[in-house]
Amino acid sequence: PAPAPAATSSEISGVVPKNAIVTLLPASGELPMPAEPAVLDQVAKQFLPHTLIVRVGQPVEFRNSEDMPHNVSVLRRESGSEVFNVGTEPHQKYVHTFDRAGQFDVKCDIHEGMEATIIAARGPMTTIADDTGRFSIPNVAFGAYRVSLTFSGQTIDQDLQVSGARTEFRLAR
């Protein structure tokens with residue numbers, strides 16, 4: 001039998017502050033911005049998708065695909081400060097671009113229970129640490145990266161070299 005092919009990707013895991021946004025960025029070069037805007041739609045009295053990960057600087061279309069009026073109220077989760085609150089008439093949209101990383105709570109003030117979460121991150125390889133601070137990002141190509149952590153209103157970066165089937169990230173203190 002032929003030997004198994006050598007691994008070329010890794011699962012990154014570790015423990016960071018709970019609910020931190022964890023993003024892997026290539027150590028060299030900028031990542032291109034997606035060509036299309038991200039979309040958060042209002043359908044059947046709910047926001048779809050329920051959780052939307054967007055890039056900082058990427059336009060987000062808040063669409064109303066229904067025959068009834070809604071609104072979009074967005075609050076920064078960490079501080080509770082209002083980012084915006086706009087009406088969305090039937091089959092109309094509102095576009096907003098998030099200018100910094102963070103988690104945002106979205107709701108419709110008109111219809112109770114219409115809620116969603118937006119995570120604005122610096123790159124596409126992003127996850128959220130759980131309530132114990134554990135996180136995992138699978139299928140990361142070998143190479144040099146920066147780990148960007150956003151928590152408690154701050155963002156810190158730390159270098160990480162990825163090689164081997166599993167790479168454990170430890171936050172330098």
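For the range 14-56, the candidate set comprises residues that are farther than 29 Å from HIS111 by Cα, open to solvent by less than 60 Å² (accessible area, probe 1.4 Å) and over 17 Å from the mean Cα position of the chain (by Cα); within that set, the residue that is modelled with the lowest pLDDT is GLY29.
Residues checked against (1) touching an Asp or Glu at 6+ places or on another chain (Cβ under 8 Å); (2) β-branched (Val, Ile, Thr); (3) closer than 24 Å to ASP130 by Cβ:
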position	(1), (2), (3)
GLY14	yes, no, yes
VAL43	yes, yes, no
LEU52	no, no, yes
ASN64	yes, no, no
SER73	yes, no, no
SER81	no, no, no
GLY87	no, no, no
HIS96	no, no, no
GLY102	yes, no, yes
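On the stretch given as the range 88-145, residues that are within 30 Å of GLU30 (Cα to Cα), in contact (Cβ under 8 Å) with a residue 60 or more places away in the chain and in a loop (DSSP other than H, G, I, E, B) total 8. Pairing each residue of the range 11-38 that is farther than 12 Å from VAL56 by Cβ with any residue that is outside any strand (DSSP E or B) and acidic (Asp, Glu), provided the two are 6+ apart or on different chains, yields C-beta distances under 8 Å for LYS18/ASP130; LYS18/ASP131; ASN19/ASP130; ASN19/ASP131. Within the range 57-76, the residues that satisfy the criterion of being more than 20 Å from PRO90 (Cα to Cα) and either open to solvent by 50 Å² or more (accessible area, probe 1.4 Å) or in a strand (DSSP E or B) (or both) are PRO59, LEU75, ARG76. Checking the stated criteria, SER79 turns out to be in a loop (DSSP other than H, G, I, E, B) and either modelled with pLDDT of 95 or more or farther than 24 Å from SER28 by Cα (or both).
The values are calculated or read from the model by the stated rules, or taken from the named source; none is laboratory data. Small disclaimer: the values here were computed from a predicted structure and weren't measured. Positions of Cβ are generated from backbone atoms using ideal geometry, with glycine treated the same way; all protein chains shown enter the neighbour counts. Side chains included, ligands, DNA and RNA excluded: accessible areas come from the protein's heavy atoms. Shrake-Rupley method; radii C 1.70, N 1.55, O 1.52, S 1.80 Å.
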